[in-house]
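Here the structure comes first, spelled out in structure tokens, and everything after it is commentary.
The values are calculated or read from the model by the stated rules, or taken from the named source; none is laboratory data. This is a predicted model, so every value here is computed, not measured. Here the Cβ is made from the backbone with ideal geometry for all residues, glycine too, and neighbour counts use every protein chain on show. For accessibility, only protein heavy atoms count, side chains too; no ligands or nucleic acids. Shrake-Rupley method; radii C 1.70, N 1.55, O 1.52, S 1.80 Å.
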Amino acid sequence: MSIGAKGFSLIEMLVVAGLLAGLSFFLLNGLGGAGQSAALQTAQGTMTSMITAARTKAMASGESSRLMIHVDPGSASQPARYLRYVALQTQTAGGWLTVADFFLPDGVYIVPGNFASLPSGLFATEGSTAWTRTDGSALRSTALRSNQIILEAVNSSRAEEWAGITISANPGTAQSGDIVLAAGRQRAPSSGGAGESPIELINPDSVRGLTVSSYAVPALINARSGF
């Protein structure tokens with residue numbers, strides 16, 4: 001399937017994303033800090049590719065596309081999805097259709113946006129570095145906004161909370177902002193009470209990500225100082 005004919009090849013994209021995720025898994029588990037950096041780079045590249053694919057698809061089809069990021073910390077049916085599971089959807093006459101979905105590499109998560117509430121324990125407190133930007137504001141994914149959180153069942157029989165980045169076909173416009181990627185770890189099931197995060201984000205000094213322009217063009221950010 002050529003880009004000119006259909007906008008992008010989902011099969012080719014998913015194969016490449018899967019190979020990269022598999023490579024980062026071995027690096028993450030075999031090389032310690034170096035592996036963690038490689039996994040973050042893999043996640044960064046995958047997210048950039050999917051934003052570009054969503055923009056290309058929207059402009060080629062004349063219908064909006066959106067990237068959906070799982071932001072439901074209380075999901076009992078799919079707890080492993082939280083801040084790691086991403087779905088690409090396209091708008092059709094019958095509603096939104098999921099055309100691709102993927103997990104970020106193990107140990108990599110999307111930092112949520114400036115939501116009205118976040119689960120306690122989400123940000124690790126050890127160390128002296130705060131989860132802030134260089135200007136002192138909170139280090140968050142500003143492309144993910146509270147007014148874009150919806151309840152929807154994506155590859156599940158149960159509706160969950162998702163934060164969407166919608167890209168229109170006129171011409172590939174979207175809400176602008178950053179997507180911040182951070183290393184993290186799962187919390188022990190017995191360590192937290194009700195309302196606490198199932199995962200913990202660590203080491204704000206090693207974050208990576210991208211910024212998305214109002215025309216849905218992504219640009220890489222390779223260090224915390226870039227946010």
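The single condition among (1) within 26 Å of Gly184 (Cβ to Cβ); (2) modelled with pLDDT of 75 or more that Ala60 does not satisfy is (1). Among the residues of segment 128-160, those identified as of a type outside the set (Val, Ile, Thr) and open to solvent by 70 Å² or more (accessible area, probe 1.4 Å) are Ser128, Asp135, Arg145, Asn147, Leu151, Asn155, Ser157, Arg158.
In segment 195-210, which residue that is in contact with a Phe, Trp or Tyr (Cβ under 8 Å, 6 or more places away or on another chain) and part of a strand (DSSP E or B) is surrounded by the most Cβ atoms within 10 Å (Cβ to Cβ)? Across segment 195-210, the extreme among qualifying residues is Gly209.
Residues of segment 78-113 that are small (Gly, Ala, Ser), buried (at least 17 other Cβ atoms within 10 Å of the Cβ) and either in a loop (DSSP other than H, G, I, E, B) or without any contact (Cβ under 8 Å) to a residue 60 or more places away in the chain (or both): Gly107, Gly113. For segment 61-85, the set of residues classified as of a type in the set (A, V, I, L, M) and in contact with a helix residue (DSSP H, G or I) (Cβ under 7 Å, 6 or more places away or on another chain) consists of Leu67 only. Of the residues making up segment 35-68, those that are assigned to a helix (DSSP H, G or I) and among the basic types (Lys, Arg) are Arg55, Lys57.
In this structure, does Ser120 turn out to be among the hydroxyl-bearing types (Ser, Thr, Tyr), surrounded by 17 or more Cβ atoms within 10 Å (Cβ to Cβ), farther than 20 Å from Ser77 by Cβ and touching a residue at least 40 places away in the same chain (Cβ under 8 Å)? No, not satisfied. If you go through segment 161-172 and keep only what is at negative phi and open to solvent by less than 50 Å² (accessible area, probe 1.4 Å), you end up with Trp162, Ala163, Gly164, Ile165, Thr166, Ile167, Ser168, Ala169.
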